[in-house]
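*Asks:* Before anything else, here's the structure in question.
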Amino acid sequence: MVVTGRLAAAAVLAALFVTLVLPSWLGVAIATLALAALIAVDLAALGSPGALELSRAPITTVRTGRGIEVELAVLNTGTRPARGTLWDDWPPSAHARHRTHPLNLPPNTRIRLRTELTPDYHGDRVAGPVTLRLLGPLGVAGRQVRREVPARLRALPPFRSERLLASKVRQLQQLEGRNTTTIRGQGTEFDSFREYVAGDDVRTIDWRATARANDVLVRTWRPERNRHVVLVLDTGRVSAGRVGSPSTGDSTRLDASIEAALLLGGLAAAGGDSVDLLAYDRRVRTEVRGIGGKRLQVKLMHALAGLTPELVDTDYQGLLRATLRRARRRSLVVWFTHLDAATVQEGLLPVLPVLAERHRVLVVSVTDPEVAAAATRRSGLDDLYAAAAAENVIAEHAVARETLRRKGVRVIAAAPDRLPEALADEYLELKQTGAL
């Protein structure tokens, strides 16, 4: 049972009655009985909390940083009106607004209450209990209960680089329209025949087709389709590093890798390739297998929504085995990791030769723009020490990139805002040259 401020006000009036009008035990008894009568009347006329049926959608999805309204349906199946207040509880990271709702629900009536949520980080949020406080007609007393109404809010990755996808797809389509004289070589696929024109390479003439036609026919080609792309995300402790500055909205290396993986996945699907995703540290955290076409983008975003860094050392031998099990035929393996000296020497170099022997390997790393900025500051003694440390980090990463290149592994390293576009451009170049 709960009481309100009205009961407190009634108690003050009762005390004044006892003090000024009837200062005796009789007055105390009368005042007490009056207060008890008010409470009894309210409780007797109170709507039953059990008569309220609460329901809502089990899962709601939204892009991180965007607002969405979640609905809670309330149906009064009782014979008395339900008056009071309802609180829809959500975790603090959901940033719930307008979660307090007044209730005045007649019998056999349904209403829909809306709470605005704006999650600031991707992942799932589980709804908390719904608190109902029902009051009687006098508003002095009532009952308060908590009800569980299961629901989840899934905040998908923000995917800010989606604005680049349309332009990169157009570039890919232009590549597919090139003729054989500009894309001849290993890795091209036959497209169609056309009539020979002056300047065509005579080696492209198809003599069998020419024999069946009245004109000389040449083969035309297009970039390879139906290739296999495997996106491998290292979710170990190296992925938990922060890049950027708090003033510009810093994020983890894994967040930047997710952005780049989403753009590359959408571009590869538009290019007719199938895409696998594997997130691994000491075990498989999430995966997407054998998906292509328009469904891929949605699958990737839902698979990556709840992915967070794990503060453990990555098992690179286990990651290699998991990748090889998913890449039976020759594939483009895009490995998102960090290029510090320890990771390269102890983690990547022992396993990359085995992987590069069977597949085309592309290592993708996020660089910290704050490190590059610190290397240019020389205004004071503290800045000189910071610049020396930054130069040391930059040199270490340069050595790591050169070491991997000598092993035949391509490396893409860029700041978080530049990484998705740089990776997409590299994929387009591989398509253009037939290197997949």
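*Asks:* Take R152, R285, R125 and sort them by solvent-accessible surface of the protein heavy atoms, 1.4 Å probe, largest at the top.
*Replies:* Largest accessible area first, the residues go R152, R285, R125.
*Asks:* Taking the Cα-to-Cβ direction at Q144 and at A388 and moving 7 Å from each Cα, how far apart do the two end points lie in nm?
*Replies:* 6.1
*Asks:* Next question. Note the angle between two axes, namely the Cα long axis of helix 419-433 and the longest principal axis of the Cα atoms of the chain, as a number of degrees from 0 to 90, rounded to the nearest 10.
*Replies:* 30
*Asks:* Classify the range 285-330: rounded, prolate or oblate, from the alpha-carbon gyration tensor (a ≥ b ≥ c, eigenvalue square roots; a/c under 1.5 rounded; otherwise prolate if a/b is larger than b/c)?
*Replies:* Cα axes put the range 285-330 in the oblate bin.
*Asks:* Given the protein chains as shown and a 1.4 Å probe, how many square angstrom of K299 are accessible, to the nearest 10?
*Replies:* 100
*Asks:* Which of the peptides 316-328, 333-345 is most tightly packed, and how do the rest follow, going by the mean number of other Cβ atoms within 10 Å of each residue?
*Replies:* Final packing ranking: 333-345, 316-328.
*Asks:* For the range 1-108, what does the relative contact order come out to in percent, with C-alpha contacts under 8 Å and a separation of six or more?
*Replies:* Averaging sequence separation for qualifying contacts and normalising by length gives 20 percent for the range 1-108.
*Asks:* Apply the Karplus curve 6.51 cos²θ - 1.76 cosθ + 1.60, θ = phi - 60°, to the phi angles in the range 358-369 and return the couplings in whole Hz, x for Gly and Pro.
*Replies:* 9, 9, 7, 10, 10, 9, 10, 9, 9, 9, 8, x
*Asks:* Sticking with this structure for a sec: Post the alpha-carbon centroid distance, the range 365-434 to the range 67-107, in whole angstrom.
*Replies:* 51
*Asks:* Related question: Return the lysines within reach of K168: Cα separation strictly under 25 angstrom, same-chain partners fewer than 8 residues apart disregarded; answer none if there are no such residues.
*Replies:* K168 reaches K294, K299, K431.
*Asks:* While we're here: Kindly report, to the nearest 10 Å², the accessible surface of H397 as traced by a 1.4 Å probe over protein heavy atoms only.
*Replies:* It works out to around 30 Å².
*Asks:* Counting just the Cα atoms, what span does the range 101-140 cover along each of its three principal axes? Round to the nearest Å and put the largest first.
*Replies:* Largest first, the range 101-140 extends 45, 23, 14 Å along its Cα principal axes.
*Asks:* How would the range 374-418 be classified by its alpha-carbon gyration tensor: rounded, prolate or oblate, with rounded meaning a/c under 1.5 and the a/b versus b/c comparison settling the rest?
*Replies:* Oblate, since a/c reaches 1.5 and b/c is not below a/b.
*Asks:* Using a 1.4 Å probe and counting only protein heavy atoms, arrange L217, L132 so the residue with the most accessible area comes first.
*Replies:* L217, L132
*Asks:* Further question: Taking a quarter of the surface of the convex hull around the Cα atoms of the range 128-169, what do you get in nm²?
*Replies:* Reported value for the Cα convex hull: 5.9 nm².
*Asks:* Quick check for you: with a 1.4 Å probe and neighbouring chains kept, what is the accessible area per residue of the chain, in Å²?
*Replies:* With all protein chains present, the chain gives 50 Å² per residue.
*Asks:* Provide, as a two-decimal number, the C-alpha radius of gyration of the range 317-421 over 2.2 N^0.38 Å, N being how many residues it has.
*Replies:* Computed over Cα atoms of the range 317-421, the ratio equals 1.26.
*Asks:* Please report, as a whole percent, how much of the solvent-accessible surface of the chain comes from carbon and sulfur atoms (probe radius 1.4 Å).
*Replies:* Exposed carbon and sulfur together represent 53 percent of the surface.
*Asks:* By how many degrees, between 0 and 90 and to the nearest 10, does the Cα long axis of helix 253-270 differ from the longest principal axis of the chain?
*Replies:* That helix lies at roughly 60 degrees to the long axis.
*Asks:* Top to bottom by accessible area (1.4 Å), largest first, where do R406, R330 land?
*Replies:* Sorted by accessible area, descending: R406, R330.
*Asks:* OK, next. Can you give the three extents of the C-alpha atoms in the range 38-84 along their principal axes, from longest to shortest, in whole Å?
*Replies:* 50, 20, 11
*Asks:* On to the next question. How big is Rg to Rh over the range 1-110, alpha-carbon atoms, Rh as the Kirkwood inverse-mean-distance radius?
*Replies:* 1.19
*Asks:* Right, here's the next one. Need one number: convex hull volume per residue for the chain, Cα atoms only, in Å³.
*Replies:* 238
*Asks:* Using only DSSP helix segments of four residues or longer, with each worth -39500 (n - 2.57), what per-residue ellipticity at 222 nm results for the chain after dividing by its residue count and rounding to 500?
*Replies:* Value at 222 nm, helices only: -10500 deg cm²/dmol.
*Asks:* Right, here's the next one. Rounded, prolate or oblate: which one fits the range 246-335, using the alpha carbon gyration tensor with axes a ≥ b ≥ c (rounded when a/c is under 1.5, else prolate when a/b beats b/c, else oblate)?
*Replies:* It is oblate, given that a/c is not under 1.5 and a/b is not larger than b/c.
*Asks:* Using only Cα atoms, tell me the angle between helix 5-16 and the longest principal axis of the chain; keep it within 0 to 90° and round to the nearest 10.
*Replies:* Result, in degrees: 20.
The values are calculated or read from the model by the stated rules, or taken from the named source; none is laboratory data. Please read these numbers as outputs of a predicted model, since none were measured by experiment. A quick note on method: Cβ atoms are made from the backbone with ideal geometry, for glycine too, and the neighbour counts reach across all protein chains shown. These area figures cover heavy atoms from the full protein model, side chains too; ligands, DNA and RNA do not enter into them. Shrake-Rupley method; radii C 1.70, N 1.55, O 1.52, S 1.80 Å.
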